[in-house]
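This report concerns only the one structure given below.
None of the figures in this text is laboratory data; all of them are computed from the coordinates on show. As the structure is a computational prediction, the values presented were derived from the model and not from experiment. Cβ: placed from backbone, ideal geometry, glycine included. Neighbour counts: every protein chain shown.
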Amino acid sequence: MRVCVETYGCAANQGDAAMVQGVLEQQGHTVVDSPGQAEVVVLMTCIVIDTTQQRMLHRLHILQSQGKRVVVGGCLPAALPLLTRQVAPDAPVLPPRSIHTVADLLAGRKGPGGEADKARLPRRMGLRLSIPIADGCRQACSYCITRLARGWLTSYSEEGLVAAAGEAVRRGCRELRLTAQDTAAYGLDTGASLASLVGHISDLEGDFRIRVGMMHPATAGQRLEEVVRVLSLPKVYRFLHLPLQSGSDAVLRDMRRRHTVAQFMEVVESVRSRLPQVSLATDVIVGFPGETQDQFMDTCRVLEELKPDVVNVTRFSARPRTPAKTLPGRVSTRVAKQRSRLMSEVADRVTLARHAGLVGTTVRALLLERLGDVVLGKTDTYCSLHVPEGPLGRVVEARVTHTAPTHVVGEVVG
């Protein structure tokens, strides 16, 4: 059967999609790139904010109107099963913890019960591969619908993950993206160690890079020594993704973030003091219920002080079945949009200033992808580099000529 796996959303969903493709190919199906070529479309959905959810529902409607047989995967069927049945009553569903059953769904038979160790599932490979090291989370953020979809923390076996990474490298993968809702929490449920896992992957033969994904500040603070050891490993990008979400302790309490601004800053300062070259990505939410103008300005000031390399700005989106949906003090759409625009201006100013220090320097970068008329590479600190030409899958030296808020631009010199 010809199957297209159409994927949206986070690195975890991308990793799940690679495993869905791997299972399908293992069972004799043909994975195609375009829905137009497919008999079945597996739609790996994302519902992190309402706008994205509406895109998913529209896409599902389009596929059904074209007469496509659709399997609904990703977070939509897991977090919002009633809505899924309303919009696609005849579609099989494939929640994140059931992806190993995809071939059984297509065959119309009952799949194996329980959950599979995702570490041991086959995957479709490329130059880059997202490898989920865990599903779920130990936190309880009031705005987050992903927790409803992914559940409580389940860490996958170190042995299986190292084997999966080794197989990917042998098949030509050059960037392994270790992902979870909170990578710092890996092993808290099993007694395993993130440092041991990443250390064993880093020890594999081959020329490749490892990106360790997002960490919750509270967990990173509790496991700070382990985090520093991980980011110090030879093949690991010197890159820390630590979401702040707000520069106001009062807003953080309403978000149920389980950390203060000072605790967040302490984690960042501790890592930077020991790894001065580390780059920092962070996330902020504007327009959270009850957020005052002063609290919004607090977040702006914290970003100015923090000087991150990447800032992801999101306007608050009330998600079904989350505590934040019923909080009082809803910020008007007009004000939220205004704050989002202003925060994005702060973010651009801060990141441009960080990138400006690279102009005129020579950096190493792994070239990974063609984007229109440029080639995208990642430096040792995971900074995005655009160059006119270069061999994909190779590490090159490039001279940085100018900057943009999201990347730097250069030319290959060696």
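Both the radius of gyration and Dmax for the stretch 118-356 are 18.5, 55 Å, in that order, over alpha-carbon atoms. The string of couplings for the stretch 34-40 from the Karplus curve (6.51, -1.76, 1.60, θ = phi - 60°) is 10, x, x, 8, 9, 8, 9 Hz, one whole number per residue in order, with x for Gly and Pro. Of all DSSP beta bridges confined to the chain, the antiparallel ones make up roughly 35%. Within the chain, the longest segment free of exposed loop sites, counting GluC sites (Glu not before Pro) that fall outside DSSP classes H, G, I, E and B and have at most 13 other Cβ atoms within 10 Å, spans 1-204. As a proxy for reagent exposure, 145, 62 were ordered by neighbouring Cβ count within 10 angstrom, fewest first; the result is 62, 145.
For the chain, with a Gaussian network of springs between Cα atoms less than 10 Å apart, report the residue from 132, 243, 388 with the top mean-square fluctuation. Residue with maximal mean-square fluctuation among 132, 243, 388: 388. As a length-normalised measure over Cα pairs under 8 Å and 6 or more apart, the relative contact order of the stretch 118-356 settles at 17 percent.
Largest first, the extents of the alpha carbon coordinates of the stretch 31-168 on the three principal axes equal 44, 39, 32 Å.
Fully extending the segment from residue 326 to residue 401, taken as 0.36 nm per residue of separation minus the present Cα-Cα distance, adds 22.1 nm. Here the Karplus relation 6.51 cos²θ - 1.76 cosθ + 1.60, evaluated at θ = phi - 60°, turns the backbone of the stretch 28-33 into coupling constants of x, 7, 9, 8, 10, 8 Hz, with x for every Gly and Pro. Annotation: amide H-H contacts under 5 Å for residue 311 (H modelled 1.01 Å from N, sequence separation of 5 or more, or interchain): 282.
Size descriptors for the stretch 71-123: radius of gyration and Dmax over Cα atoms are 11.4, 34 Å. Each Lys and Arg contributes +1 and each Asp and Glu -1, all at the Cβ; summed about the Cα centre of the chain, the dipole is approximately 800 debye. Measuring from each cysteine beta-carbon in the chain, the ones with no other cysteine beta-carbon under 4.7 angstrom are 4, 10, 46, 75, 137, 173, 300, 383. Label the stretch 47-92 by shape, choosing from rounded, prolate and oblate, from the square roots a ≥ b ≥ c of the eigenvalues of the Cα gyration tensor; if a/c is under 1.5 it is rounded, and otherwise prolate applies when a/b is larger than b/c, oblate when it is not. Oblate shape, in that a/c is at least 1.5 and b/c is the bigger or equal ratio. Diagonalising the gyration tensor over the Cα atoms of the stretch 148-218 and scaling each eigenvalue by 5 before taking the square root yields semi-axes of 22, 13, 11 Å, largest first.
Overall, the anisotropy analysis places the stretch 276-321 in the oblate class: the square-rooted eigenvalues a ≥ b ≥ c of its C-alpha gyration tensor yield a/c not less than 1.5, with a/b not exceeding b/c. With a bin width of 5 angstrom, please list the P(r) values of the stretch 2-107 as percents of all Cα-Cα pairs, from the 0 bin to the one holding the largest distance. Distribution as computed: 2, 13, 27, 27, 20, 8, 1, 0 percent. Near residue 338, once Lys and Arg are set to +1 and Asp and Glu to -1 for all other residues with Cβ below 14 Å from its Cβ, the sum equals +3. What's log10 of I(q)/I(0) for the chain at q = 0.07, 0.09, 0.12 Å⁻¹, Debye sum over Cα points only, no solvent? Relative scattering, expressed as log10 I(q)/I(0), comes to -0.34, -0.57, -1.06. One equal scatterer on each Cα of the stretch 283-388, no solvent, Debye formula: the resulting log10 I(q)/I(0) at q = 0.10, 0.15 Å⁻¹ is -0.42, -0.76. Across the alpha-carbon set of the stretch 362-412, the Rg to Rh ratio works out to 0.90, Rh being the Kirkwood radius. Take every pair of alpha-carbon atoms less than 8 Å apart whose residues are at least six positions apart; their mean separation over the length of the stretch 356-402 yields a relative contact order of 46 percent.
Which longest run of the chain has no exposed loop site in it, a site being trypsin sites (Lys or Arg not before Pro) in a DSSP loop with at most 13 other beta carbons within 10 Å, and the site itself not part of the run?
172-320
Helical runs (DSSP H, four residues minimum) scored at -39500 (n - 2.57) apiece and divided by the length of the chain put the mean residue ellipticity at 222 nm at -11000 deg cm²/dmol.
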